[in-house]
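Let me begin by handing over the structure; questions about it come next.
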Amino acid sequence: MKNNLYFASIAGLSLEIEMRNGSNSEVRHDWSMKEVRALFDLPFNDLLFQAQTVHRANFDPNEVQVSTLLSIKTGACPEDCKYCPQSGHYNTGLAKEKLMQVEKVLEKAKQAKEKGSSRFCMGAAWKHPSEKDMPYVVEMVKGVRELGLETCMTLGMLSDDQASQLADAGLDYYNHNLDTSPDFYDKIITTRSYQDRLDTLQHVRDSGMKICSGGIIGMGEKATDRIGLLVQLANLPQQPESVPINMLVKVKGTPLENVENIDPFDFIRCIAVARILMPESHVRLSAGREEMSDEMQAMAFMAGANSIFYGECLLTTPNPEAHEDMQLFKRLGLRPEQRIEKTDDEQEASLNQAIQKEQNSHRFYDASSAQH
Ligand code: SAM
Ligand code: DTB
Ligand code: SF4
């Protein structure tokens, strides 16, 4: 196996990054703030090259996982997250809605599948689910699974027992974001602690479900807070399988409505560093795409993002229209990642296919062969 060594020297700190061609780069859980700062300080092109190299060692660089979101309970949330249009603490003019009926949720899931989504994410504006709501969300998970979609939920904090109930129902992913660094956290949320979030992630992990956890960039945080967030995520005992990187959607009526815009290149740097720190995770270019140009999104994919939310609405705010995304995919030669049901026989077949693909793979994307 051929190894490549890349050297970078920033502010007196030498970094030696080893890439093994054709195999996964190492997953580490001991990233220091200093090392991650050094990645952020790399010249933009060097950072993107490293991120692309890690991306290509672990994923098909032209495949993007596609998820659709649905708000199953909207607004009047008791939490005070300063970014959130659904918090009951701020007047954002949002129409509140009670928990959606199971049949309605399944109808929406069916539509998402018909549009080409492979995962259906259901979100509720709760501090945590109540016991009376659990049977309904369990029915939703079972129904969406029966449609052949991957399932994800984000319902706030979970107890051990609630995580087990969801895992038993077949929930694949639970989304619970760390949102920002431990230091900046209490400037953004006071009603639930960072430790509460880490505890929920542990309950999700213990139940056997996969974790989706990331954060928001552009809330007025400092560079060191972006580093702090990514270090927290990467150094979890097991890295999240899915890492949503949201760019703040500024909503009128929230305390963050007038926060300064983030430099788009700084946002791309966050994607690239997330890719390098969490080489085997799907990094999702999450909220905020409505404000991004096609070129900025293409750069995010180049930096290692390989998942998006698809469909004209996130939970309560707009997202690009589905046809716009498919046009962008076509222009960039990207393909939606197909869901693979992992029964033993199928898994073996997909493994053989993956090996075949590896044998035939080219290191760089050949645009001329993608014109079909
Ligand atoms: N209520 C649940 C919770 O917070 O755990 C689940 C839903 S909540 C809307 C899920 C995530 O959406 C938040 O953790 C936050 O990272 C993201 N989010 C909410 N409002 C946002 C905004 N205006 N811009 C970007 N991301 C946002
Ligand atoms: C995540 O990290 N981003 C999604 C999902 N997880 C649930 C939510 C984005 C919400 C953006 C604001 C809204 O539409 O209400
Ligand atoms: Fe509630 Fe979630 Fe919004 Fe926070 S982010 S206010 S917990 S819906």
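The values are calculated or read from the model by the stated rules, or taken from the named source; none is laboratory data. Since we're looking at a predicted model, the values are computed, not measured. Positions of Cβ are generated from backbone atoms using ideal geometry, with glycine treated the same way; all protein chains shown enter the neighbour counts. Surface accessibility is based on the protein's heavy atoms, side chains included, excluding ligands, DNA and RNA. Shrake-Rupley method; radii C 1.70, N 1.55, O 1.52, S 1.80 Å.
Could you provide, to the nearest whole Å², the per residue accessible area of region 208-346 with probe 1.4 Å?
Computed with neighbouring chains in place, this is 41 Å² per residue.
Got a sec? What order do H282, H323 fall in by accessible area at 1.4 Å, biggest, i.e. largest, first?
Correct descending sequence by accessible area is H323, H282.
Separate question: Which entries in K98/K132; K82/K127; K34/K127; K96/K187; K108/K250 show an alpha-carbon gap greater than 24 Å?
K34/K127; K96/K187; K108/K250
Hey, if we sort D133, D196 by accessible area with the 1.4 Å probe, largest down, what's the order?
Reading off the accessible areas and sorting them downward yields D196, D133.
When a/c is below 1.5 the answer is rounded, else prolate if a/b is larger than b/c, else oblate, so apply that to region 140-190 with a ≥ b ≥ c taken from the square roots of the Cα gyration tensor eigenvalues.
prolate
State the Kirkwood hydrodynamic radius of region 53-340 in Å, one decimal place, computed from all pairs of distinct Cα atoms.
Here the Kirkwood hydrodynamic radius works out to 18.9 Å.
Given R₀ = 35 Å, FRET efficiency for E260-K330 by Cβ-Cβ distance, to 0.05?
Once rounded, the FRET efficiency stands at 0.50.
Counting Lys and Arg as +1 and Asp and Glu as -1, what is the net charge of the other residues whose Cβ lies under 9 Å from the Cβ of T68?
The answer is +4.
While we're on this one: From the C-alpha gyration tensor of region 39-107, pull out the three semi-axes of the equivalent ellipsoid (sqrt of 5λ each), sorted largest to smallest, in whole Å.
Over the Cα atoms of region 39-107, the semi-axes work out to 39, 21, 8 Å.
Could you go through region 62-73 in sequence order and give the Karplus-derived ³J(HN,Hα) for each residue, using 6.51 cos²θ - 1.76 cosθ + 1.60 with θ = phi - 60°, rounded to whole Hz, and x for Gly and Pro?
10, 10, 10, 6, 10, 10, 10, 9, 9, 7, 8, 8
May I ask you to order 229-239, 67-77, 29-39 by the average number of other C-beta atoms within 10 Å around their residues, highest value first?
The peptides rank, most packed first, as 67-77, 229-239, 29-39.
Calculate the tail of P(r) for region 138-247: the fraction of all Cα-Cα distances greater than 20 Å, expressed in %.
Tail of P(r) above 20 Å: 41 percent of Cα pairs.
Net charge within 14 Å of D199 by Cβ-Cβ distance, Lys/Arg positive one each and Asp/Glu negative one each, not counting D199 itself?
Within the 14 Å Cβ shell, the charges total 0.
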